[in-house]
1. Pulled fully out, how much extra length does the chain show between Lys35 and Thr337, if you take 0.36 nm times their separation in residues and subtract their Cα-Cα distance?
2. 7 Å from Cα along Cα→Cβ at both Thr168 and Arg185: what's the point-to-point distance in nm?
3. Modelled label-to-label distance, Ile350 and Arg239, 7 Å Cα→beta-carbon offset: nm?
4. Once all Cα-Cα distances of the stretch 168-290 are split into 10 Å bins that start at 0, what whole-number percent is in each one?
5. Past the 15 angstrom mark, what percentage of all C-alpha to C-alpha distances in the stretch 256-352 do you count?
Amino acid sequence: MLGHIKTLRSKHWRLLLLALLFSPLAVLADQVLIKVGMDTATAAQLLVRNGGWDMTDTMELIEPKGRWLDVGLYWWFRDFDAVITVTAVQRKITQMTFWSKADFVEGKVHRAKTEHKISTITLDTKSKKIRVSIIDPPVMRLVNKGGQRQIEKTPAIQTIFGDDAELTSQEVSDVLSLARQCGIRKPAEVRTFHYIIQGGAGVTVKGVERIQGANITFDAITIRNTGWSEDTLSGEAKRVGSFWAEPDQLYITHIRLHTFRGEKIRVELEDDTPAEFADQVISAMAARKYRFPDEKRAFDFVRQEMEELVQLKPNGLSKWVDGKAVLHFQGIPTELTFRFEHGEVIFESIIRVVG
């Protein structure tokens with residue numbers, strides 16, 4: 001990307017860019033998402049409406065600007081601490097990169113060191129904060145396998161940060177180092193989150209997925225930050241910087257792939273739920289072989305909610321020892337308990353998930 005920059009047309013461009021900081025712009029939505037895969041016409045409209053300035057014409061590019069179609073290559077935001085590039089092919093965004101304003105104006109060498117490839121950027125028009133999903137580039141290394149030297153490619157690592165739980169590049173490196181010490185050999189994702197009940201925030205590092213037929217497994221571990229929560233550092237914990245984790249808290253997530261009413265879905269199997277049981281339950285749900293509690297009273301809101309829930313896609317299943325099980329649904333913190341008898345799902349109650 002930076003190899004395409006030949007020189008800047010004007011020595012005064014930095015002053016022009018910095019002047020934009022003092023002209024706030026009203027916007028139309030609280031959360032604005034721009035992402036790879038979006039059509040360029042929509043992206044250009046969102047960029048302009050939210051204070052984006054197409055600064056491509058201030059840069060001399062070796063390649064013709066017509067290649068970027070109807071969206072500019074370089075964008076500076078008036079109200080947000082962000083400069084991004086948008087690359088498009090056939091009117092679809094195929095790549096984006098990101099800098100803070102301070103990093104971008106520092107100079108070409110510094111820009112090369114601080115450029116981040118991203119998959120999404122979210123603009124919070126109320127707080128004027130941004131969130132980006134950073135994709136670290138794959139790392140190539142030479143390894144010796146069976147007496148032969150081969151190039152091994154480490155998968156890209158995606159970062160997803162919650163509000164007020166962003167990590168710097170150094171903190172991401174610390175978290176990855178800690179995750180590897182705890183047993184995650186090939187990290188694939190770093191995600192921050194908030195604890196709903198006790199408060200504070202944490203980090204989850206997920207390893208690459210292992211796929212075998214309809215079964216998917218991956219390792220994950222929760223990492224804490226000494227400044228984010230009041231959890232006490234145990235004697236068995238490993239620590240890197242301000243982050244710490246307990247290696248024995250590494251866990252394996254089991255996913256089962258299903259076809260559900262014509263669509264492919266992923267269902268997490270919790271508490272060692274057998275795959276055969278999951279196949280039977282999901283197949284019954286897809287065929288609508290279920291029933292609700294026998295008694296239906298007037299103004300039975302629980303029954304009504306159950307009927308609405310079963311129209312959603314299942315995304316989790318856990319089996320209890322007393323013959324009951326719990327079904328989780330995509331995009332909603334509510335679960336249904338049920339019994340499975342003679343190929344039929346019999347719902348019993350609703351569970352509200354607090355956090």
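Rule-based calculations on the coordinates, nothing more; no lab input. Worth saying up front: this structure is predicted, and the values here are computed from it rather than measured. Cβ placement follows ideal geometry from the backbone for every residue including glycine, while neighbour counts extend to all protein chains displayed.
1. This chain segment gains 105.0 nm when fully extended.
2. 3.3 nm
3. The modelled label-to-label distance comes out at 4.6 nm.
4. Whole-percent P(r) values from 0 Å outward: 12, 35, 26, 19, 7, 0.
5. Tail of the P(r) past 15 Å holds 58 percent of the pairs.
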